[in-house]
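Report on the structure given below.
The values are calculated or read from the model by the stated rules, or taken from the named source; none is laboratory data. None of the values given here were measured: they were computed from a predicted structure. Here the Cβ is made from the backbone with ideal geometry for all residues, glycine too, and neighbour counts use every protein chain on show. We work out accessible area using only protein heavy atoms, side chains counted, and drop any ligands, DNA or RNA first. Shrake-Rupley method; radii C 1.70, N 1.55, O 1.52, S 1.80 Å.
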Amino acid sequence: MNDKQTISVDVISDVVCPWCYIGQKRLEKAVAAVPNVEVDVHWRPYQLDPTIPPEGKDRRQYMLAKFGSEEKLKQIHDRIVPLGAAEGIDFHFEDIRIAANTLDAHRVIRWAASAGEGVQNRVVKALFAANFEKGEYIGDQAELTRIAAENGMDEALVTSLLASDADKDAVQAEIEQAQRMGVTGVPCFLLEGKYAVMGAQDTAVLADAIRQVAEMKASGQLAAE
């Protein structure tokens, strides 16, 4: 008999957000740190920049336009790289040639949720790694299909769906819902649909939040919906 308390964690994120990748690693460790709680993780979409065209943009030029100078960009990367290394991430920002529009990636993540247990998590992790550690272009539908197939999804189905407009409106509606909830930056961890932890918080902070919400649920302080 499984007497674990189960709680849901919705992670609102974008796969081109380095802090979201760090957050994913820290959440994974936080879940491992609370073995008496069953954590049901769902990945929800957000786009840092929905104005990027479907074919993407030259990343270096895009980032320079966004941050103003090579020095500022270097400072940002120099801050993130060691934080990533501490979580087992080998960031290679210099290998990312194209800044991707992530709408198609979010569609794949959405479909992964119904492709079998653990598939969505595997797909999300593979997308983060492809973009940040391998410099692969995750705006390319063939690349997305390959990653999906390698992580438990039906290749032919993903190919067919990506070629259509399937779920574009649904993904955009979820993003708008997150914005209405007050989400202006990612990652955002939403526990039991009620309690938000904003940003790539330390593993201990996430573990403590999971533990507290699980205890509240177990004691009946959280009404079932």
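The packing ranking of peptides 24-35, 164-175, highest mean first, is 24-35, 164-175, where packing means the average number of other beta carbon atoms within 10 angstrom of each residue. Listed by chain and number, the lysines placed with their C-alpha closer than 24 angstrom to that of Lys29 are Lys4, Lys125, Lys134, Lys194, Lys217; residues fewer than eight positions away on the same chain are left out. Any chance you could give the angle, 0 to 90 degrees and rounded to 10, that helix 203-218 forms with the longest Cα principal axis of the chain? In the chain, helix 203-218 runs at an angle near 40 degrees to the longest axis. Here the Karplus curve 6.51 cos²θ - 1.76 cosθ + 1.60, taken at θ = phi - 60°, turns the phi angles of the range 173-182 into couplings of 5, 5, 4, 5, 5, 4, 5, 5, 6, x Hz, with x standing for Gly and Pro.
Within the listed set Asn36, Asn121, Asn101, the residue fluctuating most in the Gaussian network model of the chain (springs between alpha-carbon atoms under 10 angstrom) is Asn36.
The charge dipole of the chain, taken about its Cα centre with unit charges on the Cβ of Lys, Arg, Asp and Glu (plus for the first two, minus for the last two), comes to roughly 460 debye.
Relative to the dominant Cα principal axis of the chain, helix 18-33 is inclined by about 30°. In degrees from 0 to 90, rounded to the nearest 10, what is the angle of the helix 141-150 Cα long axis to the longest principal axis of the chain? Once rounded, the angle reads 40 degrees.
When the charge dipole of the chain is built from unit charges on Cβ atoms (+1 for Lys and Arg, -1 for Asp and Glu) and taken about the Cα centre, the candidate among Gln120, Leu64, Gly193 whose Cα reaches farthest toward its positive end is Leu64.
Heavy-atom surface analysis with a 1.4 Å probe gives the chain a carbon and sulfur content of 49 percent of its accessible area. Projected onto planes of every orientation and averaged, the convex hull of the alpha-carbon atoms in the range 1-121 covers 8.8 nm². Amide H to amide H distances under 5 Å link His42 with Val9, Asp10, Val11, where only residues 5 or more positions off or on other chains count and H is placed in the peptide plane. Normalised Debye scattering of the chain at q = 0.08, 0.11, 0.12 Å⁻¹ gives log10 I(q)/I(0) of -0.30, -0.56, -0.67, counting only Cα atoms as equal scatterers and leaving out solvent. Projected onto its three principal axes, the C-alpha set of the range 98-225 covers 47, 31, 28 Å, listed from the longest axis down. Only DSSP H runs of four or more residues enter the estimate; each adds -39500 (n - 2.57), and after division by the residues of the chain the mean residue ellipticity at 222 nm equals -16000 deg cm²/dmol. Distance from the Cα centre of the range 119-185 to that of the range 19-57, in angstrom? Their Cα centres are 12 Å away from one another. From most to least packed by mean Cβ count within 10 Å, the peptides 122-135, 76-89, 139-152 give 122-135, 139-152, 76-89. For the range 79-225, the residue among Val81, Gln221, Gly152 whose Cα projects farthest onto the positive side of the dipole built from Cβ charges is Gln221. In order along the range 183-193, the phi-based Karplus estimate (6.51 cos²θ - 1.76 cosθ + 1.60, θ = phi - 60°) of 3J(HN,Hα) comes to 6, 10, x, 10, x, 10, 9, 10, 8, 6, x Hz; Gly and Pro are listed as x.
Ignoring aspartates and glutamates fewer than eight residues from Lys57 along the same chain, the ones with Cα atoms less than 13 angstrom from its Cα are Asp49, Asp140. Counting only Cβ charges, +1 for Lys and Arg and -1 for Asp and Glu, the dipole size of the range 94-167 around its Cα centre is about 140 debye.
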